[in-house]
1. What is the local net charge at Q119, summed over the other residues whose Cβ is closer than 11 Å to its Cβ (Lys, Arg +1; Asp, Glu -1)?
2. Suppose R0 equals 25 Å; then what is the FRET efficiency for Q118 and A98 from their Cβ-Cβ distance, rounded to the nearest 0.05?
3. Can you give me the three principal axis dimensions of region 88-138 from its C-alpha atoms, in Å, biggest first?
4. Considering only protein heavy atoms, what is the solvent-accessible area of L80 at a probe of 1.4 Å, reported in Å² to the nearest 10?
5. Computing the accessible area with a 1.4 Å probe over protein heavy atoms, can you report the carbon and sulfur percentage for region 68-138?
6. Expressed as a fraction of 2.2 N^0.38 Å, the rule-of-thumb size for a compact globular protein of N residues, what is the C-alpha radius of gyration of region 34-73?
Amino acid sequence: MSGAERPEEAAAAAGGPGLSLGPGVASPDEGVVEDLPLIDEKAVEQLTEGLISHYLPDLQRSKSALQELTQNQVVLLETLEQEISKFKECNSILEINALKRALKLQQKRQKEELEREQQREKELEREKQLTAKPAKRT
């Protein structure tokens, strides 16, 4: 390896792990580790706790409100199902009553028709009896 070559270029030229991006082109990952500041674990923990303590009460209230809302919706659905059941029962009763009325009306009409028919038969019989009959010869 010549003094002008960098180790990455030498590895790429030898078919090593890195790809050659061409002379003078830097890898996107080059220098990333050096750019990151040292992270203080305690500071991260404190920031995390502060963030949680800031948002947690509101989130807990929201969760509680959603649970209450869900429970109210369950009660509402149960009540609605009961009302639907009552409505169906009332509808059935109304239909039964309507059928009874229709049946009574039909029976009344049939009775009237039967009475008219019987009256016609009586009138025909009466006319038959009133019709002059020839006397029998003796």
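The values are calculated or read from the model by the stated rules, or taken from the named source; none is laboratory data. If you're wondering where the values come from, they're calculated on a predicted model, not measured in any experiment. Glycine gets a Cβ as well: all are built from the backbone with ideal geometry, and neighbour counts include every protein chain shown. For accessibility, only protein heavy atoms count, side chains too; no ligands or nucleic acids. Shrake-Rupley method; radii C 1.70, N 1.55, O 1.52, S 1.80 Å.
1. -3
2. Numbers: r = 30 Å, r/R0 = 1.22.
Rounded to the nearest 0.05, the efficiency is 0.25.
3. 80, 12, 5
4. In the full protein context, L80 sits at about 90 Å².
5. In region 68-138, the share of accessible area belonging to carbon and sulfur is 55 percent.
6. So the Cα radius of gyration is 1.94 times the expected 2.2 N^0.38 Å.
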